[in-house]
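Take a look at the structure below.
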Amino acid sequence: MIKGINLDQQGRCKHWHTDVDVVANRCAKCRKYYACYLCHDALNTHPFVPVSLDTEETAVCCGVCLHQMTPAQYLHGRL
């Protein structure tokens, strides 16, 4: 579900790999989750386009449990 370069089991990539780097973001253009925008841009022919913060669609995915959240749910800490 989460794409990226050198991913571990919780979605950390070669660019971001601290204990808290387990959140993937969905690209608004290709609609896929990536560990980070650097991974996205390295693996695609288009640049990463963030999903709008005011959308009701899921745009954030937890790499630990794969729970998908809207931007509002993520920003307000609601599962």
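The values are calculated or read from the model by the stated rules, or taken from the named source; none is laboratory data. Small disclaimer: the values here were computed from a predicted structure and weren't measured. Note that we place each Cβ from the backbone using ideal geometry, even for glycine, and neighbour counts take in every protein chain shown. Side chains included, ligands, DNA and RNA excluded: accessible areas come from the protein's heavy atoms. Shrake-Rupley method; radii C 1.70, N 1.55, O 1.52, S 1.80 Å.
For region 12-79, with only Lys/Arg (+1) and Asp/Glu (-1) charged at the beta-carbon, what is the dipole magnitude about the Cα centre, in debye rounded to 20? If you can, show how the numbers build up before the last one.
Working: 7 positive and 6 negative charges, 40 e Å.
The calculation lands at about 200 debye.
Give me the orientation-averaged projected area of the Cα convex hull of the chain, in nm², one decimal.
Numbers: hull surface 19.3 nm².
Convex hull of Cα atoms, orientation-averaged projection: 4.8 nm².
For the chain, what does the accessible surface come to per residue with a 1.4 Å probe? Please give it in Å². Don't jump to the answer; show the numbers that get you there.
Details: 5040 Å² over 79 residues.
Using a 1.4 Å probe on heavy atoms only, each residue of the chain averages 64 Å².
Normalise the Cα radius of gyration of region 12-55 by 2.2 N^0.38 Å (N = residues in it) and let me know the number. Numbers along the way, then the final one.
Details: Rg = 10.7 Å, N = 44, 2.2 N^0.38 = 9.3 Å.
Computed over Cα atoms of region 12-55, the ratio equals 1.15.
Of the accessible area of the chain, with the probe set at 1.4 angstrom, what percent is carbon plus sulfur? It would help to have the intermediate numbers written out before the result.
Working: 2700 of 5040 Å².
It is 54 percent, rounded to a whole number.
So what's the net charge close to Arg26: Lys and Arg +1, Asp and Glu -1, counting the other residues with Cβ under 12 Å from its Cβ?
Numbers: positive: Lys3, Lys29, Arg31, Lys32; negative: Glu57.
Residues near Arg26 contribute +3 overall.
Could you work out the relative contact order of the chain? I mean the mean sequence separation of Cα pairs under 8 Å and 6+ apart, divided by the number of residues, in percent.
Details: 144 pairs, mean separation 21.4, N = 79.
Taking the mean separation of contacting Cα pairs over the length of the chain, I get 27 percent.
So what is the calculated 222 nm ellipticity per residue for the chain, using -39500 (n - 2.57) for each DSSP H run with n of 4 or more, over all residues, to the nearest 500 deg cm²/dmol?
Numbers: 2 runs with 12 residues, N = 79.
It lands at -3500 deg cm²/dmol.
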